[in-house]
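Undergrad: Got a structure here, written out as structure tokens. Questions coming.
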Amino acid sequence: MPGFTLIELLVSMAVLGILAAAIMPLGETLVIAQKERELRKALWEIRVAIDEYKKATDRGAVKVGNGESGYPPSLQTLAEGRPSETPRFPGEMLYFLRQIPRDPFGDPNLPAEATWLMRSYASPPERPEPGIDVYDIRSGSKAVSLDGSAYSTW
């Protein structure tokens, strides 16, 4: 009757432990890569919504006050919608986002809108600052991506 000795079992367990230890960093890298894909998708989705809002103000479908740039006053505005000013559908709500995506590297205790850093139209690109509108967004994370760039520069 074939059987295993205690030494054979210990060697087998040691080999399995070494393999598991080698695979763990790969698993962590895969999780980070997935979060990076989510970040790219969220940035793209919000930036497209900001551009669509601006196009709607340029064509007169969304009312803009005097002195306003035509960009949304907040990310929440994109999800809450604005009444249409077009003659065909007066009062109909125009929505630009179903909901505000969360920054996957942001604080999970914050609301989704608070996980992003915003740049107003009036602020220069080299020193992005929030203001009365949202011209662009970036990640609020101070972490560095797998390619070595800061998430806040994406």
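Undergrad: Work through the residues other than ALA33 whose Cβ is under 14 Å from its Cβ and net out their charges, Lys, Arg +1 and Asp, Glu -1.
TA: Every neighbour counted, the sum reads 0.
Undergrad: With an 8 Å cut-off on Cα pairs and a minimum separation of 6 or more residues, tell me the relative contact order of segment 29-105 in percent.
TA: Relative CO of segment 29-105 lands at 33 percent.
Undergrad: Right, something else. Can you pull out the trypsin sites (Lys or Arg not before Pro) in segment 87-123 whose DSSP state is coil and whose Cβ has at most 12 other Cβ atoms within 10 Å?
TA: Working: sites: ARG88, ARG98, ARG102, ARG119; in loops: ARG88, ARG98, ARG102.
Passing sites in segment 87-123 are ARG88, ARG98.
Undergrad: At a 1.4 Å probe, what is the % contribution of carbon and sulfur to the accessible area of segment 9-154? Each step should come with its number before you reach the end.
TA: Details: 5570 of 9460 Å².
Carbon and sulfur together cover 59 percent of it.
Undergrad: Could you tell me which GluC sites (Glu not before Pro) in segment 48-124 are loop residues by DSSP with no more than 15 other beta carbons within 10 angstrom of their beta carbon?
TA: Hits after loop and neighbour filter: GLU68, GLU92.
Undergrad: Continuing with this model, one more query. Give the peptides 39-47, 21-29 in descending order of average Cβ contacts within 10 Å, highest first. Show your work: numbers first, answer last.
TA: Working: 39-47: 16.3, 21-29: 9.3.
Result, highest mean Cβ count within 10 Å first: 39-47, 21-29.
Undergrad: Give the relative contact order (percent, whole number) for segment 75-130; include only Cα pairs under 8 Å separated by 6+ residues.
TA: Rounded, it is 23 percent for segment 75-130.
Undergrad: Further question on the same structure: At 1.4 Å probe size, with every protein chain present, just tell me what the per residue accessible area of the chain comes to in Å².
TA: For the chain, the per-residue accessible area is 68 Å².
Undergrad: Can I ask one more? Please report how many Lys pairs in segment 1-80 have alpha carbons closer than 26 angstrom, counting only residues at least 8 apart along the chain or sitting on separate chains.
TA: So the count works out to 4.
Undergrad: Hey, another quick one. Using alpha-carbon pairs under 8 Å, 6+ residues apart, how would you state the relative contact order of the chain in percent? Walk me through the numbers on the way to the answer.
TA: Details: 198 pairs, mean separation 27.8, N = 154.
This gives 18 percent for the chain.
Undergrad: So, one more: Can you list which of the chymotrypsin sites (Phe, Trp or Tyr not before Pro) found in segment 59-127 are DSSP loop residues with at most 16 other C-beta atoms within 10 Å?
TA: Details: sites: TYR95, PHE96, PHE105, TRP116, TYR121; in loops: TYR95, PHE96, PHE105, TYR121.
Qualifying residues, ordered by number: TYR95, TYR121.
Undergrad: Residue by residue, what Karplus-based ³J(HN,Hα) values in Hz, rounded to whole numbers, does segment 105-112 have, using 6.51, -1.76 and 1.60 with θ = phi - 60° and x for Gly and Pro?
TA: With the stated coefficients, segment 105-112 comes to 9, x, 5, x, 7, 8, x, 3 Hz.
Undergrad: Once a ≥ b ≥ c are taken as the square roots of the eigenvalues of the Cα gyration tensor of segment 65-122, is the result rounded (a/c under 1.5), prolate (a/b larger than b/c) or oblate (a/b not larger than b/c)?
TA: Values: a/c = 4.00, a/b = 1.69, b/c = 2.37.
Oblate shape, in that a/c is at least 1.5 and b/c is the bigger or equal ratio.
Undergrad: Using the Cα centre as the reference, give the magnitude of the dipole from point charges on the C-beta atoms of the chain (Lys, Arg: +1; Asp, Glu: -1; all else neutral), rounded to the nearest 20 debye.
TA: 280 debye
Undergrad: Using modelled amide H (1.01 Å from N, peptide plane; none on Pro or chain starts), what sits under 5 Å from the amide H of ASP136, excluding residues fewer than 5 places away?
TA: Hits under the 5 Å cutoff: ARG119.
Undergrad: What value, in deg cm²/dmol to 500, does the helix sum -39500 (n - 2.57) over DSSP H runs of n ≥ 4 give at 222 nm once divided by the residues of the chain?
TA: Using -39500 (n - 2.57) per qualifying helix, the result is -14000 deg cm²/dmol.
The values are calculated or read from the model by the stated rules, or taken from the named source; none is laboratory data. Every value quoted in this text rests on a predicted model; they were computed, and no experiment measured them. When we count neighbours, we look across all protein chains shown, and the Cβ atoms used for this are built from the backbone with ideal geometry, even at glycine. The protein model used for the area step is the full one, side chains on, heavy atoms only, and it has no ligands, DNA or RNA in it. Shrake-Rupley method; radii C 1.70, N 1.55, O 1.52, S 1.80 Å.
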